[in-house]
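Worksheet for the structure shown next.
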Amino acid sequence: MSDIPPPPYNNPGFSNYPRSGFIPGEPSRPPGIYFDYISEAWRLVSSNLSTWVLSTLIFFGITYGVNIPLSLVGNYVAYGSVLGATRTPTIPGILTSFAIEILGIFITYPIQAGMLNMALRQVRGYQVQPGDVFSGFSMTGQVVFGYFLMGLLTSIGFLCCIIPSFYVFGVVAFVPLLIVDRRMSAIEAVQESYRALKPFAWAMFGFLFVLGLISSAGICAFCIGMLFTFPVYVMAQALTYSNFYPAPNEPASWNPIGIEPPR
């Protein structure tokens, strides 16, 4: 007779299986990278398409509406022209230009994290609205620092013969969502994302690469397709994250789940 206890399993470090919640009415899965979440992401986006199209317009409108003017101002301060160098830049001019452009990331990164948080809310069954794209501003400092750490670690990996950067890119993918969802600091989010995704780093990189190709395909038709493909990009990430981190009943009761299903 088997000595394996009947469900629910309560072994230390593991979640109960099966568990309910991350997609209402859908069977649960152990944590992992599932490419069929891409089609599920489209189903969720298309069920609320007008909201996602408007939210994506807001996202790109603010992103380019902020970064392009700041870049032009930075060029003028450093080089004396918004379009090209007409003078030799000075050190103070370069530093001032850099400071001006840094302002843009304090707007665009929280908006990007807000899009991910909006997708996660819909995955968990909440009603979403375009205003949810601004939810990332509640953690602006940590979000910006989190994206900075992601870029820094990926750049270090790139310097180590390029291939390691792909691993790093996969292993830190949950950082923005951990910050806005679990209210973690940037350093805690990097550590937790590494803990959860370390066994799935290459699969996660492949998943994000495919999502990037799909999102980039939206550039066709005068970029109008991005209004439909970019929401799928963020929704698929939210589905994967929610598979690892189901919604807790209350923040105080949350404990990180195990990365492997019980035997």
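Charge dipole of the stretch 37-246 (Cα centre as origin; +1 on each Lys and Arg Cβ, -1 on each Asp and Glu Cβ, all else neutral): 120 debye, rounded to the nearest 20. Taking a ≥ b ≥ c as the square roots of the eigenvalues of the Cα gyration tensor, the stretch 157-232 is oblate, since a/c reaches 1.5 or more and a/b is not larger than b/c.
Taking 0.36 nm per residue of separation and subtracting the current Cα-Cα distance, fully stretching the chain between ALA247 and ARG124 would add 43.6 nm. The stretch between SER216 and PHE35, if pulled fully straight at 0.36 nm per residue, gains 63.4 nm over its current Cα-Cα span.
Between GLN191 and ILE162, the modelled labels are 3.4 nm apart [label points 7 Å from Cα along Cα→Cβ].
Since every read-out is calculated from the coordinates, none of them should be taken as a lab result. Keep in mind that this is a model prediction, so the values were computed, not measured. Methodologically, a virtual Cβ is constructed for each residue, glycine included, from the backbone with ideal geometry; neighbour enumeration extends over all protein chains shown.
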